[in-house]
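Since the structure comes first, as structure tokens, the remarks are kept for the end.
The values are calculated or read from the model by the stated rules, or taken from the named source; none is laboratory data. From a predicted model like this one, the values you see are computed outputs, not experimental measurements. Cβ coordinates were reconstructed from backbone atoms using ideal geometry, including for glycine residues, and neighbour counts include every protein chain displayed.
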Amino acid sequence: MTGRNVTTETKPDVATDPSHVGAAPAAQPPTERLYVAGGQQRALRSLRDGVDDWYEYQKAIVLELDTGSGKAEVKVEYVSPSAHAPADDPAILFKSGTLVGDQLFLTTQTEVLIYRVPSFERVAYVSMPFFNDVHHVRPTPSGNLLIANTGLDMAVEMTYNGTVVQIWNVLGEDPWARFSRDIDYRLVKTTKPHLAHPNHVFYVGDEPWATRFEQRDAISLTDPQRRIDIGLERVHDGIVHNGHVYFTTVNGQVAIADTASLKVVEVLDLTEAHPPDMLLGWARGLLVQDDRIWVGFSRIRPTKIRENVGWVLRGLKRDFGTHVGCYDLRSGQNLAQVPLEQFGLGAVFGIYSAPDEAAAGA
């Protein structure tokens, strides 16, 4: 499925104040093609009891973004079928995914979708009654799917045809102690409060892991005693790269843990690359490259401030809005900020390197 071209152009905002960085020179502002996945927000309504605008998304979107020119093309616009979504104001957006070769694995609240890139032909689809607030999917080493089924505090391994191989409750409980096998949770708008909120799954070798938002850590699903204590603020992402796992925290930090010691060895505070009064947004969505990272930032909605983001109120004034930012891993310097709201994207959940056009066409 392909979408419309969006021709609005914006020049990336490149940070120029190096006062916070060390002696290492910053890399040049990047020009590359990225896939950015997230959701289009509905028109804001007045807040009232029972309305949580965290769920006010009406369409799942994947953009192809040229970071040099600031141009974007909508590659996918998707709305979940009514049979697999709540009847009242369903949340329709892409959550986190994984790009492996020419396959982009994505989730909505209640579905797993797999697209072949760069054509974005949909090649697989899975939706199960126990899916609720699904946050992430990736392929397993054995050729199955590993899924963060956040709304039921679960991680699930299953086949492409829907056969369940393994279910883990990420608190070590009976997965069905608090939930019913007889309920179609795709039709349930929210199961909050979540006790753990696992939102990302990854592998260290052949060992499956999951992040736990509320516990601010990551645990091995097969041996929960093996744990990475991240601390800091609440955690998203879990990207393994060159012997390390990179985690985002919602307030704009990236914690880097060693896969051998399972210890955090470095914390990059992205807010230090910007003026002290700038609100970057809810940090979530991470692409790790050899010398730099791309991070997604989503505009923070009023209900999220009420819930658990007191750090937003600490003297911050300027809201940059939903965007992706690039940072030099050597110096911490901000290399670019590319706004996304003009392309219809109100929330970012995933960032992926688009394949080389020449290689894709070979």
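If a residue must be within 23 Å of PRO118 (Cβ to Cβ) and in a strand (DSSP E or B), how many such residues does the stretch 324-346 contain?
4
If you take the residues of the stretch 217-247 that are part of a strand (DSSP E or B) and at pLDDT below 95, which of them is nearest to VAL137 (Cα to Cα)?
HIS236
Just give me the residues in the stretch 190-211 being over 20 Å from the mean Cα position of the chain (by Cα) and more than 30 Å from ALA257 (Cβ to Cβ), in sequence order.
Across the stretch 190-211, there are no qualifying residues.
When both residues are 6+ apart or on different chains and their Cβ atoms are under 6 Å apart, which pairs have a first residue that lies in the stretch 228-240 and is in contact (Cβ under 8 Å) with a residue 60 or more places away in the chain, and a second that is among the aliphatic types (A, V, I, L, M)?
As it stands, the answer is GLU233/VAL250; ARG234/VAL250; ASP237/LEU286, since those pairs meet every condition given.
Between residues in the stretch 263-280 that are over 19 Å from SER331 (Cβ atoms) and residues that are among the small types (Gly, Ala, Ser) and outside any strand (DSSP E or B), which pairs lie under 7 Å by C-beta distance while being six or more apart or on different chains?
ASP277/GLY315
In the stretch 181-193, is there at least one residue being aromatic (Phe, Trp, Tyr) and either closer than 22 Å to VAL126 by Cα or in contact (Cβ under 8 Å) with a residue 60 or more places away in the chain (or both)? If you could, list the steps in order and put the result at the bottom.
Initial filter on the stretch 181-193 (aromatic (Phe, Trp, Tyr)): 185.
If we keep only those that are either closer than 22 Å to VAL126 by Cα or in contact (Cβ under 8 Å) with a residue 60 or more places away in the chain (or both) too, we end up with 185.
Yes; the residues of the stretch 181-193 include at least one that is aromatic (Phe, Trp, Tyr) and either closer than 22 Å to VAL126 by Cα or in contact (Cβ under 8 Å) with a residue 60 or more places away in the chain (or both).
Name the single residue, out of those in the stretch 219-256 being of a type in the set (D, E, K, R) and in contact with a Ser or Thr (Cβ under 9 Å, 6 or more places away or on another chain), that is farthest from ASP269 (Cα to Cα).
Per the stated criteria, the residue is ARG226.
Kindly indicate whether any position in the stretch 284-297 is at pLDDT below 90, surrounded by fewer than 19 Cβ atoms within 10 Å (Cβ to Cβ) and in contact with a strand residue (DSSP E or B) (Cβ under 8 Å, 6 or more places away or on another chain).
No, the stretch 284-297 contains no residue that is at pLDDT below 90, surrounded by fewer than 19 Cβ atoms within 10 Å (Cβ to Cβ) and in contact with a strand residue (DSSP E or B) (Cβ under 8 Å, 6 or more places away or on another chain).
Would you mind telling me which numbered condition in (1) outside any strand (DSSP E or B); (2) within 21 Å of VAL295 (Cα to Cα); (3) not small (Gly, Ala, Ser) PHE202 fails?
For PHE202, the failing item is (1).
Tell me, yes or no, whether the stretch 248-257 has at least one residue that is at pLDDT 90 or above, touching a helix residue (DSSP H, G or I) at 6+ places or on another chain (Cβ under 6 Å), in a loop (DSSP other than H, G, I, E, B) and not charged (D, E, K, R).
Checked the stretch 248-257: at least one residue is at pLDDT 90 or above, touching a helix residue (DSSP H, G or I) at 6+ places or on another chain (Cβ under 6 Å), in a loop (DSSP other than H, G, I, E, B) and not charged (D, E, K, R).
Based on what the data block shows, is TYR160 hydroxyl-bearing (Ser, Thr, Tyr), outside any strand (DSSP E or B) and in contact with a strand residue (DSSP E or B) (Cβ under 7 Å, 6 or more places away or on another chain)?
Yes.
Only one of ALA27, ALA37, ALA72, ALA60 is touching a strand residue (DSSP E or B) at 6+ places or on another chain (Cβ under 9 Å), at pLDDT below 90 and either under 22 Å from LEU286 (Cα atoms) or of a type outside the set (Gly, Ala, Ser) (or both); which?
The conditions single out ALA27.
If I ask for residues that are aliphatic (A, V, I, L, M) and under 17 Å from TYR125 (Cβ atoms), which ones from the stretch 61-95 would you list?
If the condition is that a residue be aliphatic (A, V, I, L, M) and under 17 Å from TYR125 (Cβ atoms), then VAL62, VAL76, VAL79, ALA83, ALA85, ILE92, LEU93 are the ones that fit.
Exactly one condition in (1) within 30 Å of VAL338 (Cα to Cα); (2) in a loop (DSSP other than H, G, I, E, B) is false for MET128; which is it?
(1)
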